[in-house]
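Inspection log for the structure reproduced underneath, given as structure tokens.
The values are calculated or read from the model by the stated rules, or taken from the named source; none is laboratory data. Note that the structure is a prediction, hence the values are computed from the model and not measured. Reconstructed Cβ throughout: ideal geometry from the backbone, glycine too, with neighbour counts over all protein chains shown.
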């Protein structure tokens, strides 16, 4: 009887520990730099959205002369060990295509208040969309979402809540539960399941899935499952892992052009398309 009791205590303790610590693993939250890269930048508009208006987002207009017509915007959500700080200059190329960009932070990351969870991130993403759609210069019918790694969960959360025109998923998972089972974690214990697969099955817009063939953190089978279950999807596989893939700007640009999100522009450059993502 004592052995059984000790076993039960051990199991309960293990389950409690897994439940308590899993968000620290899913959302490691790197420390922000002493000075925000957006500080002093006239081309960056800082918006505070999400729960209690405590989550930071950076809005950037297209480069060059102001477009005569409302323009599309690409909403980007980064990986779990990153900050929007790492991506500010990376998206200059997207702005050169005539798109605006919105970099959305997660609750509890960087200078943002709150705590990260699927619920708080979903609320933040919905408000990010509403913030963009309320701007008269933005074409609300051409707001696209681009999520990298755990950011794919945030992007799919937005698709569930708002009418997104197109979706790009880079190195993302079909669901956190499926990913957790690979590491021996019982699926129902996952607090933030981010079921991207169920979202993408019901998304009728165009989807671009990008993944590394040698990704050991999120195996390529996840990207393949996402692409194969979407009503309209393209799958691009690179010979890379999770954090060493080239920036897929050529593929992203072609996808946006094909689906009417970006307009063809003479002299558009894809310089920098081979750069790896920031660490």
(request) Please enumerate the residues belonging to the stretch 219-240 that are crowded, with 16+ Cβ neighbours inside 10 Å and in a loop (DSSP other than H, G, I, E, B). (result) 219, 230, 240
(request) Mind listing whichever residues of the stretch 247-279 are touching a strand residue (DSSP E or B) at 6+ places or on another chain (Cβ under 9 Å) and modelled with pLDDT under 95? (result) 262, 263, 277
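How many residues does the stretch 16-52 contain that are over 30 Å from residue 97 (Cα atoms) and under 22 Å from the mean Cα position of the chain (by Cα)?
The initial filter retains those residues of the stretch 16-52 that are over 30 Å from residue 97 (Cα atoms), namely 16-31, 34, 51-52.
With the extra rule that they be under 22 Å from the mean Cα position of the chain (by Cα), the set shrinks to 22-31, 51-52.
The total comes to 12.
Of all residues in the stretch 74-130, which are part of a helix (DSSP H, G or I) and within 17 Å of residue 48 (Cβ to Cβ)?
Of the stretch 74-130, the ones part of a helix (DSSP H, G or I) are 84-86, 89-95, 118-130.
The answer is 84, 85, 120, 121, 123, 124, 125, 126, 127, 128, 129, 130.
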(request) Please state which of the following conditions residue 108 fails to meet, knowing it meets all the rest: (1) at positive phi; (2) surrounded by 19 or more Cβ atoms within 10 Å (Cβ to Cβ). (result) (2)
(message) Of the conditions (1) surrounded by fewer than 24 Cβ atoms within 10 Å (Cβ to Cβ); (2) part of a strand (DSSP E or B), residue 146 satisfies every one except a single condition; which number is it?
(response) (1)
(request) Exactly one condition in (1) assigned to a loop (DSSP other than H, G, I, E, B); (2) in contact (Cβ under 8 Å) with a residue 40 or more places away in the chain; (3) surrounded by fewer than 24 Cβ atoms within 10 Å (Cβ to Cβ) is not met by residue 63; state its number. (result) (2)
(message) Considering only residues that are surrounded by fewer than 19 Cβ atoms within 10 Å (Cβ to Cβ), touching a residue at least 24 places away in the same chain (Cβ under 8 Å) and not in a helix (DSSP H, G or I), which ones fall in the stretch 163-185?
(response) 185
(message) Could you check the stretch 40-50 and list, in sequence order, the residues that are surrounded by fewer than 17 Cβ atoms within 10 Å (Cβ to Cβ) and in contact with a helix residue (DSSP H, G or I) (Cβ under 9 Å, 6 or more places away or on another chain)?
(response) 43
(request) State all residues of the stretch 198-218 that are surrounded by fewer than 19 Cβ atoms within 10 Å (Cβ to Cβ), within 17 Å of the chain's Cα centre (by Cα) and under 16 Å from residue 149 (Cβ atoms); if no residue qualifies, say none. (result) 217
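Here's the yes/no breakdown for (1) on the phi > 0 side of the Ramachandran plot; (2) crowded, with 19+ Cβ neighbours inside 10 Å; (3) modelled with pLDDT of 95 or more:
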residue: 52; (1), (2), (3): yes, no, no
residue: 58; (1), (2), (3): no, yes, yes
residue: 76; (1), (2), (3): no, yes, yes
residue: 89; (1), (2), (3): no, no, yes
residue: 95; (1), (2), (3): no, no, yes
residue: 100; (1), (2), (3): no, yes, yes
residue: 134; (1), (2), (3): no, no, yes
